[in-house]
Amino acid sequence: MSDKIKKDQPTRIRLAKAIEKELNYKRFLHSLGVAETAAALAMRYDADVEKAEIAGILHDCAKYMDEKELIGICKKRGVAISDAEYDNPSLLHAKAGAILAQEKYDIDDPEILEAIRNHTTGKPEMSLLDKIIYIADYIEPGRDQAPNLSIVRSMAFEDIDRTLFKILEDILLYLQATGARIDPMTGKTYQYYREELDA
């Protein structure tokens, strides 16, 4: 157990106190917003609320790392890095975050680690917790730039799969419009849910 995390406090409190020291204040507030939104979605869809909160608090725990550190920690742990991630190493904060969640914050629940690992690109066959964290990251109260945000926020508590697909669709349209490189996993995730939903 990390020295920064005291065992006599509830997990959500000790993790929040620990990451507050690592992230800038705006990113810290975002993490709390994702945790709260994830907890609400977990209640709506009968998922584990504590796991949703923990994954939300820690999802951006590697955001303070620079590009070299992100590449370095992933290489050191044998984590695959795509060409898109080499072009834009900030995408690696999700994979690096899963590593830190396990090694620094003592999270050993594979479902929480997987939700952190996939919160930027998604993946085919996402678990319910994966979907909750992916969506909560997009719609938390501090977000105000994403396209169709009010629509997506309404959808999120009605149909989680269609909400996931809508976010993926909007992200891909934005990346195409700006000429940004699309991570192959985002494309694969979009195609998978397009076929699943027959969209």
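What follows is calculated from the coordinates using simple rules that are stated; it is not laboratory data. These figures come from a predicted structure and were not determined experimentally. Note that each Cβ is placed from the backbone with ideal geometry, even for glycine, and that neighbours are counted across all protein chains shown.
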(request) Considering only ILE57, ILE171, ILE135, give the residue with the highest GNM mean-square fluctuation for the chain, with springs between Cα atoms whenever their separation is below 10 Å. (result) ILE171
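If eta is 1.306 mPa s and T is 10 °C, what Stokes-Einstein diffusion coefficient results for the chain, Kirkwood Rh from Cα pairs, in µm²/s?
93 µm²/s
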(request) Starting from the range 136-181, pick out the trypsin sites (Lys or Arg not before Pro) whose DSSP state is loop and whose Cβ has at most 15 other Cβ atoms within 10 Å. (result) ARG181
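Could you size up the charge dipole of the chain around its Cα centre, putting +1 on the beta carbon of Lys and Arg and -1 on that of Asp and Glu, and report it in debye to the nearest 20?
Computed about the Cα centre, the dipole is about 640 debye.
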(message) Counting only helical runs of four or more DSSP H residues, what would the 222 nm mean residue ellipticity of the chain come to if each run contributes -39,500 (n - 2.57) and the total is spread over all its residues?
(response) -19500 deg cm²/dmol
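Once you list every other residue whose beta carbon is under 10 Å from the beta carbon of ALA84, what net charge do they have if Lys and Arg are +1 and Asp and Glu are -1?
Residues close to ALA84 contribute a combined charge of -3.
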(message) Spelling out what I want: for every residue of the range 42-56, take phi, set θ = phi - 60°, compute 6.51 cos²θ - 1.76 cosθ + 1.60 (Karplus), and round to whole Hz; glycine and proline get x.
(response) 4, 4, 5, 9, 6, 9, 6, 5, 5, 4, 4, 5, 4, 4, x
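If you wrap a convex hull around the C-alpha atoms of the range 12-66 and split its volume per residue, what is the figure in Å³? Please list the in-between numbers first.
Details: hull volume 3.3 nm³, N = 55.
Taking only Cα atoms, the range 12-66 has a hull volume of 60 Å³ per residue.
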(message) Using the Karplus curve 6.51 cos²θ - 1.76 cosθ + 1.60 with θ = phi - 60°, what ³J(HN,Hα) values do you get for each residue of the range 157-166, in whole Hz, with x for Gly and Pro?
(response) 9, 10, 8, 5, 6, 5, 5, 4, 4, 4
(request) Output the pairs from LYS51/LYS166; LYS51/LYS76; LYS63/LYS95; LYS123/LYS188; LYS17/LYS51 with a Cα-Cα distance over 19 Å in this structure; if there are none, say none. (result) LYS51/LYS166; LYS51/LYS76
(request) Quickly work out the MET43-to-ARG27 label distance, labels modelled 7 Å from Cα along the C-beta direction, and quote it in nm with one decimal. (result) 2.9 nm
(request) For the range 74-133 and the range 28-42, compute the distance between their C-alpha centroids and round to whole Å. (result) 18 Å
